[in-house]
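The values are calculated or read from the model by the stated rules, or taken from the named source; none is laboratory data. Only a predicted model underlies this, so the values are computations on that prediction, with no experimental measurement involved. Note that we place each Cβ from the backbone using ideal geometry, even for glycine, and neighbour counts take in every protein chain shown.
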Amino acid sequence: MKYGEQEIVEFTIDAQENYWPNEHPKNYRIDIELPEFMCKCPRSGYPDFATIKLSYTPNERVIELKALKLYINSFMNREISHENSANEIYDALKRNLQPRWMKIVADFNPRGNVHTIITIDSDKE
């Protein structure tokens, strides 16, 4: 196994070193786009590709960007539905960041003439 593959396999999003103190008490928004999300369909095993858009207003912590990249890459060999992957990402980041506000948009590439977009917004929970 190559070092990058091993790093992804061993990665855990809950490790405290993945989060840094937010040094700015004011309200501001962080927008991150992850255009290379991949997981596998739990029924067919076919790959599903998406762009994940994360927006959040930090509270006491921000996520380290390499950690976010590794977390998103950790889905690439998992069989997980569109809905479950979006909800898992949202739940893990909300639990660890405890942001003032957060929104995840998972925009999956069309497959079989179906285009799925999943939006989870903390204002609408």
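Here's a check for you: in the stretch 46-73, which residue that is charged (D, E, K, R) and in contact with a helix residue (DSSP H, G or I) (Cβ under 7 Å, 6 or more places away or on another chain) is farthest from GLY4 (Cα to Cα)?
Going through the qualifying residues, I end up with ARG61.
For the stretch 1-69, list the strands (runs of 3 or more DSSP E) that sit wholly inside it and hold at least 3 residues that are in contact (Cβ under 8 Å) with a residue 12 or more places away in the chain and farther than 28 Å from ARG111 by Cβ; which are they?
Filter on the stretch 1-69 gives 19-21, 61-63.
Which ones in the stretch 74-97 are surrounded by 19 or more Cβ atoms within 10 Å (Cβ to Cβ) and in contact (Cβ under 8 Å) with a residue 60 or more places away in the chain?
Within the stretch 74-97, LEU93, LEU97 qualify.
Show the residue pairs meeting these rules: Cβ distance below 7 Å; 6+ apart or different chains; first residue within the stretch 98-117 and surrounded by 14 or more Cβ atoms within 10 Å (Cβ to Cβ); second residue in a loop (DSSP other than H, G, I, E, B) and polar (S, T, N, Q).
Once the first residue is surrounded by 14 or more Cβ atoms within 10 Å (Cβ to Cβ) and sits in the stretch 98-117, its partners that are in a loop (DSSP other than H, G, I, E, B) and polar (S, T, N, Q) give PRO99/ASN59; ARG100/ASN27; ARG100/ASN59; PHE108/THR116.
Can you name the residue in the stretch 9-56 that is at pLDDT 95 or above and β-branched (Val, Ile, Thr) and is also surrounded by the most Cβ atoms within 10 Å (Cβ to Cβ) among such residues?
If we take residues in the stretch 9-56 being at pLDDT 95 or above and β-branched (Val, Ile, Thr), then ILE52 is surrounded by the most Cβ atoms within 10 Å (Cβ to Cβ).
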